[in-house]
Structures are given as C-alpha cells and as structure tokens.
Amino acid sequence: MKLTVKCLVAAAMMLYCATSFASGGGIRIRNLASEQNIVEISSARKYLMLPVQDNAPEGKVFIVDADACHYGPAMNIRLARERIDYYVPLDLSAFMGKSVKIDVQGVPAGSVCWKHISLSDTFEIPTGGHWRPAIHHTPPYGWMNDPNGMFFKDGEYHLYYQHNPYGSIWGNMHWGHSVSTDLIHWRHEPVAIAPDAWGTVFSGSCVVDYENTAGFGAGAVIAIYTSSKTTQWGTAQMQSIAYSTDNGRTFTKYSGNPVLTSSERDFRDPKVFWYESGKHWVMILAVGQRMQIFNSPNLKDWKHVSDFGLKQGAHGGVWECPALFELPVQGTDRKKWVLICNVNPGGPFGGSAAQYFVGTFNGKEFVNESPAVTKWLDWGKDNYATVTWHNVKDRTVALGWMSNWQYQAVLPESRFRGSNTIPRELSLYEEDGETYIAAVPVRELEEASVEVLEKDNFNVSGRDVVVDGFADKDAGAYLIDIVIRPGRAGRVEFSLMNSKDEKADFKYDVEKGLFMMDRSASGKTDFSVNFPAFTVAPAENSGELVLKILVDRASIEVFGNGGKFAMTNLVFPAEPYDRISFGGTYGNYTVKSLDVYSIR
C-alpha cells in the first residue's frame, strides 16, 4: 500500500510538472522540470505584475518574442516562493494586445508567485512609508544607488540613477530618471536607459553636445555609461554611449557601442566634460584603485593620456564614481581643479565615503597639490558616489547617494531603498596652507523654507534647556539654524529627541575643535552592527559654532561654519524628532540664536 501511494504521488507530481494551469486574466502557467517555467499571455496589457519576496533566490526572467528569441537580456527577479513582500511591474507595452511568452528559470513549481501573477494597465507607485523622505530624492519604488548623468538644460535639472525596477536589492542596473526645476521637488520619469546585449547599465554621465561633435545633432544630450557584462567566466566592463534629442527623456543607443574597452576588471563610471582650452572632451574613469584620463574630439574615439592615484589618498577599497571640475577659491579671483574620488570600503568611519584632491589640470593630467593629505568631502557615514551636475553655468552643484554599502541592502524599508543627499553648492577655502571644499545646501532650500520658530540669546548652565513644539510631525522635514557661543565651556552638547526617548546626540569639543554625532540611540539600529555610529568632524573654534541642520524623516545633514564641514547620517526614529535639548554639564555657554524652518 505504501509503494502504491508513493507511485501515485510521483505520478501526480510528474503530471503537474508536465502540464499547466491557468492563473486567470489571460495568463497560462506551464511549470516544467528543473525549475523551468513558461508564462503564456494571450493578449498582453501594459504590465505583468510580478510578486516579489526579498529574501528569495533570484530567478531569471526573459520576454520571448514572436520569433522565439529572448527580447533583451534576462532580468534577475526574486519571485515570491513562500510569501509576497510587494509587486513589481514587468513592462509589456511593446506587446500590447499581442500574445507573448515569458521564460522564467530557477523558480520552483510550488512557489506562491504562480497563483498571483496578473496583468494590469496601471501600476500605482507606492507612496508614504514611515521613513520615505519628505524633501530628499528617492526612487518611486525599487532599489537606487549612485546618481548618474546629471545635467541642466532649458530650465530643468535632470537626475539619473542606478536603479533596479524589479526589487529592493541591488541588480538589473537601469538608469532611472527624475526631473526638477528647483532641485527640491522631483518628478519621476520612465526608465531612461535599460540593459542590452552589452550588459547592465552602470554609472556614468551626460553632456550637452552644443557643437555637434558626435554627429547626433547640435544640442543633443549624450549619455556615457559603463556597460557591465557578466558571463560564466566573469564580468567585463566597457564604456557605451547613447544620445537624446528630446532633452534626455528618451535615448537611442549608438550602433558602434562599446566605444571604449579595456582588459581591466574594474573599468567604470565615466565622468565627461568639455575642456575649452584644448577644444576636446575629457573622460575620467575609475580603474581599480586609480583613475585614468582620456581625451576625445567626438565622444566616440578615446585616447588614454594619463593615470592618477598612486600613493595618494585613501586606498582601503576600490575607487569609484569620479568627478573632475574647477572651483573658485573664496575671497580670491583664483580657481583650482578638484578631483572627487569615492572609495569603498575605506571611509573614515567604515564602509564607503567620498574623498577629494585639489590641484591643477592641463587637459590631460591632474596634479594633486597635497599628495600626503587625505581630504574627506563628508564626515558622516552616509554620503557616497558624489558627482556634479553638467552645464550649470553660475555654480557647481553636487549630489551624493545617502547611504553606505555596509548596510544599504538591509535598511528597514522595502517599498523603496535608497535616497540622495540634499544637492549642495561647492566652493574652496584656504586654511593653514591647505585648500578645502566648502559645501552648503543649494540656495533653493532657503527659498522653500518658512520660519516657524525664533529664539535668541539664552544661556545653558548646569541643567538641560529644552525647546519643543517646533516640528509638525506630519511635515516630515525641517531646517534648524543654530549659532552657539561656547564661552568658557569645555564642551557643548545638544540632542534632537522625540517622545519615544529616541535621540540623535551632538557634541562639540571646544578645546579639540571637534564636532561629533552619535546615532546609537536614534531609533531603529538593530538591522546592522555597523549602523550605530559615532562620527567626528574637524570644527576649529573661532568663537562661535554656526550650524545648519537639515532633518528629514530618515536623515540628518549638518553643515558647520559656512560649509567648512558637512556630516550626513541616516536615522530611523519611530516618530519624528520634535524637540531639542541643550546640556550644560561642561560649563556655561550661550545659544545666540535658534531658528527653525519648515520646508514647503
């Protein structure tokens, strides 16, 4: 009897795997052997809605065209096996009203996804979320890391970004796209550049080709990006281009791609600009733990002209996402060249961070003026992949990815994963024989701010002074301007707090000239041992400590002494911080002014 039951069960399983079932709505599922599956759609609608489970193994998903060929490369999607965390849309708009098949590999027949796949003409972008920022740019859904291809044209700031539209874990790199007229409010656009036969679309840049050097039309927007192709033998990286004649909304890939190849394993993240003195284009590329510089007359043909990086700066990990540009020196009529180089790992507080070098550039070679000094763009844990906008005439505007590779994949929010810093205006200042970057929020932030609290000249002496009622818990974001006179106090302390006893602690050691932030009690921190952090920035005592603190639902950005230091840290409080407490246990000091602004 037991043998008969076994035979019946085996026969039933064989029958199940060899036949098919309908999930409804014009979809038929065929589960084959060896975790192979065919999804047959009789009349395609705009989207196939796929159920995702974040911790499931990846399956490979291909669209199959009428000639039984794979339509584009595979998408690696974590289709739901035991539970459904959320849905992602697979775009079928190219097959609207037609029959189409989807080849799904590596997903067992008994997975829960097969009962819940459906067709739809719409996809409702997830809104809200406890920690979705109010004013910082985020993807509408899915994963986001490096900002890419940023340019300004015809009154619009374009921001592309590394994007996985099929899950909240890194993979399937596309260029997502958002547009703004003020760098504060962003409108999401469709995906701009998708993977192709040369691989997924890694980081890169955009330029406006006003002189038609590439032959795609005067004023065409040219995207230069890394194509990253992975096979069973490993990964190869090469540079490709695409052009847009509708101001970056849609791109056509160049038929001659790739335009630049190498035998190097890490060969990526091209940042391109026009070098007016030499009348040629310059590309700077991250290659392992160095940068390579190339020249071109037309964005298609590139010549290697120099390397940079040996025995300079931090080399704790791979170099990535470079930027090379000129900046004015405050209080002078001089300019100097700056090379931003992001490094992962190797940051001052662990994980990823952005370093920079100041020097000269002659169109071919960058020379660092301080080879023995390592300079950090931000003194927090969460500012990486910082690059600059192209074609902004009156200022240099930079943007970073507001996270750290140590814990990005496990942040406690899955409807979206990833956000950007507030855009920052950069300049240089000189101090003690060195030249440093000053970074402040873009002027548009001030224009969007409305004062809600003003408190002047109060002393902190031997007891906590609490100022509350300044943050609308539903508003999500606010800006604090503080001016503190330390006097004879050895240390200044204050905290941002909420009713759950969660707090972000700040300290200023007057004698040592150090500003510190501790987020170990800031809210949810248990998702990674690397998250509860104590970060420190140099803050020389000049008689007053001037701070601009931008607080959003899941981040705190501090800009000190006119931007001479910046500190960016994520936080995940159960509710917004709605009070500030000043401590006076290390001597008396005066809060000269405290102004709080809501952000429109």
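Only the coordinates and a few stated rules stand behind these numbers; no lab work does. Given the structure is predicted, the values throughout are model-derived calculations rather than measurements. Methodologically, a virtual Cβ is constructed for each residue, glycine included, from the backbone with ideal geometry; neighbour enumeration extends over all protein chains shown.
Key figures for this structure:
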read-out	value
Kirkwood-based Rg to Rh ratio, region 131-267, C-alpha trace	0.98
Calculated FRET efficiency for the pair Trp170/Glu575, C-beta based, R₀ 41 Å, to 0.05	0.85
Given Lys381/Lys564; Lys300/Lys364; Lys500/Lys524; Lys229/Lys311; Lys271/Lys303, the pairs whose alpha carbons are separated by over 21 Å	Lys229/Lys311
Mean shadow area of the chain, taken as a quarter of the surface of its Cα convex hull (nm²)	31.2 nm²
Simple spin-label estimate for Thr252 and Gln330 in nanometres, 7 Å along Cα-Cβ	4.7 nm
Equivalent ellipsoid semi-axes - Cα gyration tensor, region 303-396, angstrom	22, 17, 13
Difference of contour (0.36 nm per residue) and Cα-Cα distance, Glu124 to Asn530	142.7 nm
Residue among Ser306, Leu324, Val287 farthest towards the positive dipole end of the chain, charges placed on Cβ	Val287
Tensor-based shape of region 256-372 (alpha-carbon gyration tensor, a/c under 1.5 rounded, otherwise prolate or oblate)	oblate
Convex hull per residue volume in Å³, alpha carbons only, for region 230-281	135 Å³
Nearest-0.05 FRET efficiency for Arg600 and Ala218, computed from C-beta distance (R0 45 Å)	0.75
Using alpha-carbon coordinates, inclination of helix 2-18 to the longest axis of the chain, degrees	70 degrees
Debye, to nearest 20: dipole size of the chain, +1 on Lys, Arg Cβ, -1 on Asp, Glu Cβ	1720 debye
Stokes-Einstein D (µm²/s) once Rh is taken as the Kirkwood radius of region 448-599 over alpha-carbon pairs, at 37 °C in 0.692 mPa s	212 µm²/s
